[in-house]
């Protein structure tokens, strides 16, 4: 089953763009909360993550961190499992 992914971001932040690009390559659906369009959600992000920088990424309500942490999970081979897509990709091979 696919995970629920939420990304708090801004449109021009290079780290946000990089994180979204990785999720897009994975074919993952995610809720992208643009803080320029929804500034009231920034406090929510800060409360949930204890961080003020973007992006902040959550997978199944678990705070993953930012773009660097997302990519570290990918390089460690752990991201697919968290996203719930590991079995799907193996079955396609």
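Only Cα pairs within less than 10 Å get springs; with that Gaussian network setup on the chain, which residue of 66, 81, 27 has the largest fluctuation?
27
For a label point 7 angstrom out from the Cα of residue 62 toward its Cβ, which stretches of the range 14-55 have the backbone nitrogen within less than 17 Å?
Taking a point 7 Å out along Cα→Cβ of residue 62, the residues of the range 14-55 whose backbone N falls under 17 Å are 49.
Return the whole-Å distance between the Cα centroid of the range 1-16 and the Cα centroid of the range 21-50.
4
Please check: in the Gaussian network model of the chain (C-alpha springs, under 10 Å), which one of 19, 76, 11 has the largest mean-square fluctuation.
Of 19, 76, 11, the most mobile in the Gaussian network model is 76.
If the viscosity is 1.306 mPa s and the temperature 10 °C, what translational diffusion coefficient in µm²/s does Stokes-Einstein give for the chain when Rh comes from Kirkwood over Cα pairs? Walk me through the intermediate numbers first.
Working: Rh = 13.4 Å.
Rounded, D is 118 µm²/s.
Any chance you could run the full-extension gain for residue 46 through residue 22? It's 0.36 nm times the residue separation minus the Cα-Cα distance, nm to one decimal. Before the final figure, lay out the partial values.
Working: separation 24, 0.36 × 24 = 8.64 nm, distance 2.30 nm.
Using 0.36 nm per residue and subtracting the Cα-Cα distance, I get 6.3 nm.
No value in this document is a laboratory result; all are computed from the given coordinates. None of these values were measured; they are calculated from a predicted model. Backbone-built Cβ (ideal geometry, glycine too); neighbour counts: all protein chains shown.
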